[in-house]
Amino acid sequence: MALLEVNNLSISFGGLRAVGDFNLKIEKGELYGLIGPNGAGKTTVFNLLTGVYKPDEGIIKLDGQDITRKNTIEINHAGIARTFQNIRLFKQLSVIDNVKVGLSERIKYSLFESIFHVGSYKAKEKEMEEEALRLLKVFDLDGEKDILASNLPYGKQRKLEIARAMATDPKLLLLDEPAAGMNPNETKELMETIALVRREFDMTILLIEHDMKLVSGICEKLTVLNFGRVLCQGETKEVLADPEVIKAYIGD
Amino acid sequence: MSFLTYLINGLSLGSIYAIIALGYTMVYGIAKMLNFAHGDFIMVGCYIIFSVSAALSGNPIIGILIAIVLCTLLGITTEFVAYRPLRGAASPLAVLITAIGVSYLLENVALLIFGADIKSFTSVVKWEGITLFDGQLKIQGVTIVTIVVSIVILIVLQLFINKTKQGQAMLAASEDKGAAALMGINVNRTIMLTFAIGSALAAIAGALLCSAYPSLSPYTGAMPGIKAFVAAVLGGIGSIPGAMIGGLVLGIVEILSKTYISSQLSDAIVFGILVIVLLVKPTGILGKKIQEKV
Amino acid sequence: MSKTKRDNLITYGIVILAFIIFQVLSATGNLSSHMKGLLVPMTYYAVIAVALNLCVGILGELSIGHCGFMCIGAFTSAFFSKVTEEVLPTAPRFIIAFIIGIAFAALFGFLIGIPVLRLKGDYLAIVTLAFGEIIKNVINAFYVGVDSHGLHFSMKNAMELNMEEDGQVIINGAMGITGTPHDSNFAIGIAVLLISLFVVLNLINSRDGRAIMAVRDNYIAAEASGINVTRYKMMAFTISAAIAGAAGVLFSHNITTLTASSQYFGYNASIMILVYVVLGGIGNIRGSVIAACILYLLPELLRGLNTYRMLIYSIVLIVMMIVNWSPKVIEWRKRTFGNLLKKSGKEMA
């Protein structure tokens, strides 16, 4: 059974069909790329997968469980975590607290214990601290754990966003244009981080990019979207050789 | 017949709220700030008219004109000295608190000059009004004047915004200040113009308010200011027809609930209407829907 | 010891130190009776400032109706104390009064939070103002009496209560509640302040507090991280209202006649608390306490200047806001003082 199975997903905004008849199958452990020109509907697909938008039609199944029409929170609990095209960190929180927020649905204690710091508060906080530090170490952010997230350099903010997503212990990680706004050096480092996430966590990843070079370098499979429809789907090499794809990207 | 009288009174009070709300909504639309001092400009306008009338004991028109000019100057000065330095501050609360400071300042200057005792304001409308249906329905002159003035103001403002360059600049700047600046619009000057118009409207509203309810104190403007803001929010803040509708709804609801339900609960009912409308339509009656892009 | 722990201890220390200083001044006869009368109000304003900072600074939602919750706490607790004045001894009565005031304020916070927290930004602010005014107005038109048959309510006047001869009017509309026992004192006020600080500071350093701040900083990312945004907004708002209710209990048991007047419970009073919070630093709980105490005492101490005091206060307020927040002034300060620092650094080298 595939980890993520999407069938005939469609959504329209004011009569305009943003995504139509979208199908996708991602096996466990795959690094999958969703590419397409600007405005092709890539982020809309992400927003459908994470419950920001509710689809008009179609079914989304994660690990066999139907998550269509669930809200963002439920979908995160079901096992999908994501990052955003324009980085969304908790800017006024420290680096480690950003990760702890990601952990807070996994390591729980009651409001009463929160207010009076009694019961399991100490033990659970310690567990959270250790787990957060472990994650930060993986992403090489442990040196900056106490500074405000907004004071991190751009590349590290991206890393922190991924670390926070990983803290929710997802089955599937969605990365929305992770290389946007990065210089070649940062992009290279990012590719290493993504490789690291796969290795360390044995993670299944779906990423959006319109930088073809990045995608062809790391993704095993691709889906190409154009005008909200699947143009081509399959192994990276085959997809990139498809004349339709080349036409959509370069034009006639 | 008495219902009709109350309805017309409500319409008149609503027109005053509408005029104040127009100023509020324009300033909010462009400067994105709750100008808590706006209501106090009404009070300032009233004291100016009061003083000029006392000094000249003549035609109130001169007093009104002087009040409009001085309130406009005061509005521009306040914007320049107190609000402009805080544009782009890290927290939007900064300018809100400053506006509260300006409100305190105006109230206390008035307190120092005129004292806390309530002054009796002489109506600027000398016309007795009209009597209809064999004397069964009396409409006071000030009521009619208020309603007419508010309609004229609404039309003039709509024309100004839709037909003149400055008006278009205002619309552009309230939509996106950065883009407007790139298109060659002088954003600072546009905001200043908006404050000038808002303050002038406050002076006119003050003259009408104190003519209908002739008691004047340093706190006269505070509650009408808040109500007008409620009206602006009710109608959909940033929308000029919205401010007009919101003002009228509020005025009518206030007078009718005072008459038929309870004078003590009328304010609660007015605020209750706001709560209900915002629950049904979170951006007000004519407000635009805003959604954050993910 | 971690830095936050040390910071929190300093905050408690400052409050305790202030308490000791005022007690010593009072014992040695260095405090005028006017000044002594200001001590309890100072504590309840500090308490409500802490409450409001939880809402504005930690949750990030602007409320300009918080005195409404204080009003609920004041009236419900005063009602209880008045009814049970002859039945219960002071200590348990006052403790139950606190529980009642806090519980009702929390209940109203919860009920009002449901609609209010769906709104955003300034819309939310104006609706909190509206609710604050509604609470005040309704209480002003509210009559409750008690006789041998139990409680009687009316929204018209005291006559409408239709009570027996022995009936006693407890809440008399706009005339409020008269003769609530004077149970509040400075020490209790300080204790309530310390407990409020304990609750809020602990909350901030917990799983729930972090979630609340995450919602404030970016609710979309919070949702994507599995955080139930509505739940945490409600949580912070309700706790904030509850603490404001505690301030109300202190208030009503420190005053002979409790009325729902604009002076104490109107939007202007709520705004005054907001001024404390902003000047003390948004999100800075210790700052709120200090600002509330200083700013409450300041105009009262300037009474000698009488007519000019509020004028001075308003000008100071405007100037302070511009100096602290204007981007241009901040840049200028950095340039000027930054250079000074650099220069002194060079000389040192």
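The values are calculated or read from the model by the stated rules, or taken from the named source; none is laboratory data. Predicted model, so just to flag it, every value in this text is computed and none were measured. With ideal geometry, Cβ positions are generated from the backbone for all residues, glycine too; neighbour counts draw on all protein chains shown.
Could you please find all residues in region B:91-112 being within 29 Å of residue A:150 (Cα to Cα) and within 7 Å of another protein chain (Cβ to nearest Cβ)?
B:91, B:93, B:94, B:97, B:98
Run down C:271, C:290 and say which single residue is away from chain B (no Cβ under 14 Å) and either within 14 Å of the chain's Cα centre (by Cα) or more than 27 Å from residue B:226 (Cα to Cα) (or both). Outline the logic, then answer.
Working: C:271 fails: away from chain B (no Cβ under 14 Å).
Within the list C:271, C:290, the selection yields C:290.
Go through C:211, C:246, C:236 for me and flag whichever is in contact with a helix residue (DSSP H, G or I) (Cβ under 6 Å, 6 or more places away or on another chain), at the interface with chain A (Cβ under 8 Å from one of its Cβ atoms) and hydrophobic (A, V, I, L, M, F, W, C).
Working: C:246 fails: at the interface with chain A (Cβ under 8 Å from one of its Cβ atoms); C:236 fails: at the interface with chain A (Cβ under 8 Å from one of its Cβ atoms).
Just one listed residue meets the conditions, C:211.
Have a look at A:170, A:178 and point out the one that is buried (at least 16 other Cβ atoms within 10 Å of the Cβ), under 24 Å from residue A:101 (Cβ atoms), within 14 Å of chain C (Cβ to nearest Cβ) and out of contact with any Phe, Trp or Tyr (no Cβ under 6 Å at 6 or more places or on another chain).
A:170
Residue-by-condition table, conditions (1) in contact with a Pro (Cβ under 9 Å, 6 or more places away or on another chain); (2) surrounded by 13 or more Cβ atoms within 10 Å (Cβ to Cβ); (3) in a loop (DSSP other than H, G, I, E, B):
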{"position": "B:122", "(1), (2), (3)": "yes, yes, yes"}
{"position": "B:126", "(1), (2), (3)": "yes, no, yes"}
{"position": "B:139", "(1), (2), (3)": "no, yes, no"}
{"position": "B:145", "(1), (2), (3)": "no, yes, no"}
{"position": "B:152", "(1), (2), (3)": "no, no, no"}
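Suppose the filter is without any contact (Cβ under 8 Å) to a residue 60 or more places away in the chain and hydroxyl-bearing (Ser, Thr, Tyr); does residue C:84 pass it?
Yes.
Matching residues to (1) assigned to a helix (DSSP H, G or I); (2) within 15 Å of the chain's Cα centre (by Cα); (3) surrounded by 18 or more Cβ atoms within 10 Å (Cβ to Cβ); (4) not polar (S, T, N, Q):
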position	(1), (2), (3), (4)
B:170	yes, no, yes, yes
B:194	yes, yes, yes, no
B:210	yes, yes, yes, yes
B:223	yes, yes, no, yes
B:231	yes, yes, yes, yes
B:237	no, yes, yes, yes
B:242	yes, yes, yes, yes
B:247	yes, yes, yes, yes
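From the list C:107, C:119, C:151, pick out the single residue that is over 21 Å from residue C:252 (Cβ atoms) and either of a type in the set (A, V, I, L, M, F, W, C) or surrounded by fewer than 15 Cβ atoms within 10 Å (Cβ to Cβ) (or both).
Exactly one residue qualifies, and that residue is C:119.
When you go through (1) surrounded by fewer than 19 Cβ atoms within 10 Å (Cβ to Cβ); (2) more than 26 Å from residue B:255 (Cα to Cα); (3) more than 13 Å from chain C (Cβ to nearest Cβ) one by one for residue B:81, which number turns out not to apply?
(3)
Applying the selection to region C:135-164, what residues are hydrophobic (A, V, I, L, M, F, W, C), part of a helix (DSSP H, G or I), out of contact with any Gly (no Cβ under 6 Å at 6 or more places or on another chain) and free of Cβ contacts under 8 Å to residues at least 60 places away in the same chain?
C:138, C:158, C:159, listed by residue number.
Scan C:205, C:228, C:218 and give me the residue that is within 14 Å of chain A (Cβ to nearest Cβ), under 24 Å from the mean Cα position of the chain (by Cα) and under 30 Å from residue A:164 (Cβ atoms).
Of C:205, C:228, C:218, the one residue that is within 14 Å of chain A (Cβ to nearest Cβ), under 24 Å from the mean Cα position of the chain (by Cα) and under 30 Å from residue A:164 (Cβ atoms) is C:205.
Does residue C:19 count as surrounded by fewer than 20 Cβ atoms within 10 Å (Cβ to Cβ), modelled with pLDDT of 95 or more, in contact with a helix residue (DSSP H, G or I) (Cβ under 7 Å, 6 or more places away or on another chain) and in a helix (DSSP H, G or I)?
yes
All but one of (1) more than 16 Å from residue A:165 (Cβ to Cβ); (2) within 14 Å of chain C (Cβ to nearest Cβ) hold for residue A:13, so report the exception by its number.
Of everything listed in (1) more than 16 Å from residue A:165 (Cβ to Cβ); (2) within 14 Å of chain C (Cβ to nearest Cβ), residue A:13 misses just condition (2).
Do any residues in region B:158-179 that are touching a residue at least 60 places away in the same chain (Cβ under 8 Å) and farther than 21 Å from residue B:87 by Cα have Cβ atoms under 7 Å from those of residues that are of a type outside the set (Val, Ile, Thr) and surrounded by 15 or more Cβ atoms within 10 Å (Cβ to Cβ), where the two are at least six apart or on different chains, and which pairs are they?
B:161/B:167; B:161/B:170; B:161/B:171
Name the single residue that is farthest from the chain's Cα centre (by Cα) among those in region C:313-336 being more than 9 Å from chain B (Cβ to nearest Cβ) and of a type in the set (Val, Ile, Thr).
C:336
Scan region C:165-197 for residues that are of a type outside the set (Gly, Ala, Ser), free of Cβ contacts under 8 Å to residues at least 60 places away in the same chain and surrounded by fewer than 17 Cβ atoms within 10 Å (Cβ to Cβ) and jot them down.
Correct list: C:165, C:166, C:168, C:195.
Being among the aromatic types (Phe, Trp, Tyr) and farther than 22 Å from residue A:125 by Cβ is the filter here; which residues of region A:80-112 pass it? Lay out the reasoning, then the answer.
Step one: filter region A:80-112 for residues among the aromatic types (Phe, Trp, Tyr), giving A:84, A:90, A:109, A:112.
Within region A:80-112, just A:84 meets the criteria.
In region B:87-111, which residue that is more than 15 Å from residue B:37 (Cβ to Cβ) and touching a helix residue (DSSP H, G or I) at 6+ places or on another chain (Cβ under 6 Å) is surrounded by the fewest Cβ atoms within 10 Å (Cβ to Cβ)?
Only one residue fits best here, namely B:88.
Just checking, which of A:123, A:132 is of a type outside the set (Phe, Trp, Tyr), more than 10 Å from every other protein chain (Cβ to nearest Cβ), without any contact (Cβ under 8 Å) to a residue 60 or more places away in the chain and under 22 Å from residue C:216 (Cα atoms)? Spell out the reasoning first.
Working: A:123 fails: under 22 Å from residue C:216 (Cα atoms).
Just a single option satisfies the conditions, and that option is A:132.
Would you point out which residue out of B:265, B:256, B:274 is modelled with pLDDT of 90 or more and within 7 Å of another protein chain (Cβ to nearest Cβ)? Talk me through it step by step, then tell me what you get.
Numbers: B:265 fails: modelled with pLDDT of 90 or more; B:256 fails: within 7 Å of another protein chain (Cβ to nearest Cβ).
The conditions single out B:274.
Specify the residue that is nearest to the other protein chains (Cβ to nearest Cβ); the eligible residues are those in region C:117-167 that are of a type in the set (Gly, Ala, Ser) and within 28 Å of residue B:238 (Cβ to Cβ).
Per the stated criteria, the residue is C:130.
Please determine whether any residue of region A:172-186 is assigned to a helix (DSSP H, G or I), assigned by TED's automatic domain parsing to the domain that holds residue A:241 and either in contact with a helix residue (DSSP H, G or I) (Cβ under 7 Å, 6 or more places away or on another chain) or among the polar types (S, T, N, Q) (or both).
Yes, region A:172-186 has at least one match.
Every residue in region A:214-235 that is part of a helix (DSSP H, G or I) and at pLDDT 90 or above, please.
Residues satisfying the conditions do not exist here.
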